[in-house]
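*Asks:* Below is a structure I'd like to ask you about.
Only the coordinates and a few stated rules stand behind these numbers; no lab work does. Here the structure is a predicted model, which is why all the values come from computation and not from measurement. FYI the Cβ positions are ideal-geometry reconstructions off the backbone, even for glycines, and counts take in every protein chain you see.
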Amino acid sequence: MSDATTSIGAAAQNAAPPRVKGRLKAPWQVWRDAGGRVSALRIVALLFLIVPVVVAIYDFYTEGYGARPLNNVIHRTGYWALIFLMVSLAITPLRRIGRFAKLLDVRRMIGVGAFVYAAVHIALYVADQMFDLWKVASEIVLRLYLTIGFVALLGLTALAVTSTDRMVRRLGGQNWQRLHNIAYAIGLLALIHFFQQTKADVALPTFVAALFGWMLGYRLLIRFKKTRGEPPAWKLLALTVAIAALTFIVEAIGISFVFNVSPLRVLGTALDFDDLSMIRPGWLVLGAGLIVVVLDLVRQRFGPRRGGAPATRA
């Protein structure tokens, strides 16, 4: 059996929780684990998923939403749909590097949360168009950024519909895993949609895109590694430095095209730390990557041994 096939099979084993006798929990009791026990990790994940709602309510009563409140909420829901999608994709690297397999238990929950926010995002857009479905459909067809966003929503819908344990068993582990691998393509489409919607400062989309690039790079390390176990810390460090450098370069090229300045001049501003609120995305990516490297070193020293059971591979 090839390494890739073994990896897919292992991921499918992880995706489907172990069967238990009897019906230990109702389907809506998402705060309970597969064994019916109250899960602190699931409760934290649920609280994380409702943070945007709490923040939105607080902002509404303290600052208001301006002249177009509905448009404000549309952008909020779209933003959080992207964030939760990225968090769901980050579960696999974090649980492997942190040697914390229980994180897998909340991956689908967060992924479904991303779908819910995306569904609310499109529903609010329909409301903003006065429920004129013909106009909404024509806008989706004629406007590229809406087409891309809608395709991403369709992909998230497919993943959400097949997110239950029953669908895992019906599709079969390998088929289910192949279908859910489209999450990476959905993430790319969502990022393109985010960039197209951001008309001024693209620092945040650049940062999120760079983290997405890091996660893809990590998966490539896993896919093409020749030894058992996790990639060594030096490879994670090399990946971090490479993605951070690429972020600086791509951002400089993009800004140079928009403002007709030299990319080298843009790169020179990367060392300007007078205003920490304007720190460049490349530094943030580097910092986030270094935190992951430190986590790997700490868990390597004090956590479970590398090269655990094959079932932990994904």
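*Asks:* For q = 0.12, 0.17, 0.18, 0.22 Å⁻¹, what log10 I(q)/I(0) does the range 205-275 give under the Debye formula with an equal point scatterer on each alpha carbon and no solvent?
*Replies:* Summing over Cα pairs of the range 205-275 leads to -0.43, -0.72, -0.77, -0.96.
*Asks:* Quick one: Karplus J couplings for the range 191-202, per residue in order, coefficients 6.51, -1.76, 1.60, θ = phi - 60°, nearest Hz, x for Gly and Pro?
*Replies:* Listing the rounded values in order: 5, 4, 4, 5, 4, 5, 7, 8, 8, 10, 6, 9 Hz.
*Asks:* Still on this structure, I have one more. How far is it, in nm, from the label point at Asn260 to the one at Asn175 when both lie 7 Å from their Cα along the line to the Cβ?
*Replies:* Taking the simple label geometry, Asn260 and Asn175 are separated by 5.7 nm.
*Asks:* If you look at just the Cα atoms of the chain, how large are its Rg and its Dmax in Å?
*Replies:* Rg, Dmax (Cα atoms, Å): 21.1, 67.
*Asks:* To continue, here is another question. As an exercise, identify the trypsin sites (Lys or Arg not before Pro) in the range 181-232 lying in DSSP coil whose Cβ has no more than 16 other Cβ atoms within 10 Å.
*Replies:* Passing both the DSSP loop test and the Cβ count: Lys199, Lys225, Lys226, Arg228.
*Asks:* Oh, and also: Quick one: length gained pulling Leu47 to Leu290 fully straight, 0.36 nm per residue minus the C-alpha distance?
*Replies:* Contour length minus the Cα-Cα distance gives 84.8 nm.
*Asks:* If I take every Cα pair under 8 Å that is 6 or more residues apart in the chain, average their sequence separation and divide by the length, what percent do I get for the relative contact order?
*Replies:* Worked out over the chain, it gives 22 percent.
*Asks:* Under 1.5 on a/c is rounded, so check that first for the range 172-296, then, if it is not, pick prolate when a/b is larger than b/c and oblate when it is not; a ≥ b ≥ c are the square roots of the alpha carbon gyration tensor eigenvalues.
*Replies:* oblate
*Asks:* Ok, one more. Where the Cα atoms of the range 52-106 are projected onto their three principal axes, how long is each span, largest first, in whole Å?
*Replies:* Principal-axis extents of the Cα atoms in the range 52-106, largest first: 47, 17, 15 Å.
*Asks:* Can you tell me the FRET efficiency between Lys199 and Tyr61 if r is taken as the Cβ-Cβ distance and R0 is 22 Å, rounded to the nearest 0.05?
*Replies:* Step by step, r from the Cβ atoms, then E = 0.20.
*Asks:* Between Ile57, Ile43, Ile253, which gets the highest mean-square fluctuation from a Gaussian network model of the chain, Cα cutoff 10 Å?
*Replies:* Ile57
*Asks:* Another question about this same structure. Rounded to the nearest 500 deg cm²/dmol, what is the calculated helix-only ellipticity per residue at 222 nm for the chain, with -39500 (n - 2.57) per DSSP H run of length n ≥ 4?
*Replies:* Calculated at 222 nm, the ellipticity per residue is -23500 deg cm²/dmol.
*Asks:* Also, I was wondering about something else. Beta carbons within 10 angstrom, averaged per residue: use that to sort the peptides 85-93, 65-73, highest first.
*Replies:* Result, highest mean Cβ count within 10 Å first: 85-93, 65-73.
*Asks:* For Val241 and Leu297 in one chain, what is 0.36 nm times their gap in residues minus the Cα-Cα distance, to one decimal in nm?
*Replies:* Gain in length upon complete extension: 18.5 nm.
*Asks:* In terms of modelled amide H atoms, which long-range or inter-chain residues lie less than 5 Å from the amide H of Gly98?
*Replies:* For Gly98, whose amide H was placed from the backbone, there are no distant partners under 5 Å.
*Asks:* So what J values fall out for the range 248-260 if you push phi through Karplus, 6.51 cos²θ - 1.76 cosθ + 1.60 with θ = phi - 60°, rounded to Hz, Gly and Pro as x?
*Replies:* Values per residue, Gly and Pro as x: 4, 5, 5, 4, 4, 5, x, 5, 5, 5, 5, 9, 6 Hz.
*Asks:* Work out, step by step, the length gained on full extension between Phe100 and Arg68: first 0.36 nm times the residue separation, then minus their alpha carbon distance; give nm to one decimal.
*Replies:* Working it through step by step, the gained length comes to 7.2 nm.
*Asks:* Another question, then. Pop out the ³J(HN,Hα) list for the range 145-162 in order, Karplus 6.51 cos²θ - 1.76 cosθ + 1.60 with θ = phi - 60°, rounded to Hz; leave Gly and Pro as x.
*Replies:* Residue by residue, the range 145-162 yields 5, 6, 4, 5, x, 5, 4, 4, 5, 4, x, 4, 5, 4, 5, 5, 4, 9 Hz.
*Asks:* Another one. Pick from Thr206, Thr147, Thr62: which is most flexible by mean-square fluctuation in a GNM of the chain where alpha carbon atoms under 10 Å apart are linked?
*Replies:* Maximum among the listed residues: Thr62.
*Asks:* Continuing with this model, one more query. Would you work out which of Ala270, Gly149, Val241 lies farthest towards the positive end of the dipole of the chain, given +1 charges on the beta-carbon of Lys and Arg and -1 on that of Asp and Glu, about the Cα centre?
*Replies:* The residue sitting most towards the positive pole is Val241.
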